[in-house]
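Report on one structure; see the data block that follows.
The values are calculated or read from the model by the stated rules, or taken from the named source; none is laboratory data. All figures in this text were calculated on a predicted structure; none of them were measured in a lab. We place every Cβ from the backbone using ideal geometry, glycine too, and count neighbours over all the protein chains shown. Quick note on the areas: whole protein, heavy atoms, side chains included, nothing else; ligands and nucleic acids left out. Shrake-Rupley method; radii C 1.70, N 1.55, O 1.52, S 1.80 Å.
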Amino acid sequence: MKNQLTIALILFCIFIQNSNAQNSLSALKTDLQKTLDNIVAENNLPGMTLAVEFDAENKIHLASGFADREQSRRMQVGDRMLAGSVGKMFVSALALQQISKGRIQLEDKIEKYFGQLDWFSRLPNAKTIRVQDLLQHTSGLPRYIFQPEFLASLKANPLQERSPEQCIAYVLDKAAAHPAGKGWGYSDTNYLLLGLIIEKVTGQKYYELLRRDLLGPLGLQQTTPSTQRQLPGLVQGYIGSQNIFGLPKQVLQDDQLAVNPAFEWTGGGVVTTVGDLASWTRRLHQGEVLDSLAYAQLRRAVSMSTGAPSDQGYGLGSFVWSKREDTRYGHDGFFPGYLTKVEYSRRNQYVIAIQVNSDEGYQRLPHYIHDLD
């Protein structure tokens, strides 16, 4: 089945203008549904959604399993889930748009934006971090989300609303992971600071800018900020064995999240569907969002071991890797109870997006995509 699906995807990309394209799409849809059902069953997942998009007309949206096991509600293609760090793709695009307008420079030291604030001198590597280091996770800043003090606070009061500044405070006076620009370490702290810079240079709130410049123009109607516990259309999420936040196994309690999601902010911060994610990712990589220079910068990767320029690794808000003599761009996302992954094929110019309403087996996300692609 795996080889057959791979061949079918590639052939469809080649013959997409052919009069038999719709027949081919229908056959591919049938094969993908079988594979999706197998993935859900074999991995004991509650449910999963899938979108494959070749262009605005040729797309596949599928669902399998349950949106809510206890209520026996089947998963639907338009069901929404929290996207976790996949939301960083929106943040990066907004930052790159401001860079194109000359309001931000990649080489700017972040001291330019925060130097007057009382807490800034206590930030690890404060004087040497550049905007590019935030975008590319080469700042050396620790992850606030894994600080023992943050975890203790979240477990004690999961419903508390936490501002970006309150979250950043958990890394103040901590040791840097490495000198700025001299290593790589994924950290949501980078993107909280980036969000604050975007707000400072635009004079607008991040979510207002997101709606105005990206979600609205691109018609991404099912993508909204995850700023409150009650999010319309959000399916039940199931906490796996690695329950670092100490949350209930079913993350929705009386249609409200058992944790206030606002702390994520520009580290992720959206609830969405695979259809919106596939449309967004394809259009980002096909020239509808960024000018050519900004897009080239987005794809310029650094090694995830050394932070040095590399053909593969992490670009500006996107992972970059090789797969079957092709270059892929995309991102993974985790939020308690939910997993998300998007992947764009540079050679064949299609997107695969998946969402799972369980956070069990985060490391298996690439395998799910591998089985489908």
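Tabulated data for the structure shown
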read-out	value
Per residue accessible area of the stretch 171-230, 1.4 Å probe, in Å²	43 Å²
Semi-axis lengths (Å, descending) of the ellipsoid that matches the C-alpha gyration tensor of the chain	33, 25, 18
Over 28 Å (Cα to Cα) - which of Lys174/Lys341; Lys88/Lys200; Lys88/Lys174; Lys34/Lys88; Lys109/Lys341; Lys29/Lys323 fall in this group	Lys174/Lys341; Lys34/Lys88; Lys109/Lys341
Dipole axis of the stretch 272-363 (+1 Lys, Arg; -1 Asp, Glu on Cβ), positive-most option in Gly307, Val356, Ser322	Ser322
Distance histogram for the stretch 201-245 (every C-alpha pair counted, 5 angstrom bins, percent rounded to whole numbers)	5, 16, 19, 17, 17, 11, 10, 6, 0
Residue-level accessible surface for Asp254, protein heavy atoms, 1.4 Å, Å²	140 Å²
Convex hull (Cα only) mean projected area of the stretch 263-343, reported in nm² to one decimal	6.7 nm²
Built amide H within the under 5 Å cut-off of Val302, gap 5+	Ser310, Tyr314, Gly315
With Cα atoms, 0 to 90° folded angle of helix 188-202 axis to the chain main axis	80 degrees
Average projection area in nm² (convex hull over Cα atoms of the stretch 76-136, one quarter of hull surface)	6.0 nm²
Relative contact order of the stretch 249-373, defined on C-alpha pairs under 8 angstrom at six or more residues apart (%)	17 percent
Cα-based Kirkwood hydrodynamic radius, the stretch 172-322, one decimal, Å	17.9 Å
Calculated [θ] (222 nm, deg cm²/dmol) that DSSP helices of n ≥ 4 give over the chain, each run adding -39,500 (n - 2.57)	-9500 deg cm²/dmol
Ellipsoid equivalent to the stretch 147-241 - semi-axes via the Cα gyration tensor, in Å	27, 22, 14
Relative contact order of the chain, pairs being alpha-carbon contacts under 8 Å that are 6 or more residues apart, as %	23 percent
Fully extended contour minus Cα-Cα distance, from Glu288 to Ser121, at 0.36 nm per residue	56.2 nm
Sulfur and carbon atoms: percent of accessible area, the chain [1.4 Å]	47 percent
Rounded FRET efficiency, nearest 0.05, which uses the C-beta distance separating Gln71 from Lys205 and R0 of 51 Å	0.90
The stretch 96-214 - Debye-derived log10 I(q)/I(0), Cα point model, q = 0.10, 0.11, 0.13, 0.21 Å⁻¹	-0.31, -0.37, -0.52, -1.23
Relative contact order [Cα under 8 Å, 6+ residues apart], the stretch 70-156, whole percent	18 percent
Trp119 - accessible surface, heavy atoms, 1.4 Å probe, Å² rounded to 10	50 Å²
Per residue, in Å², the accessible surface of the stretch 248-373 once ligands and nucleic acids are set aside, probe 1.4 Å	34 Å²
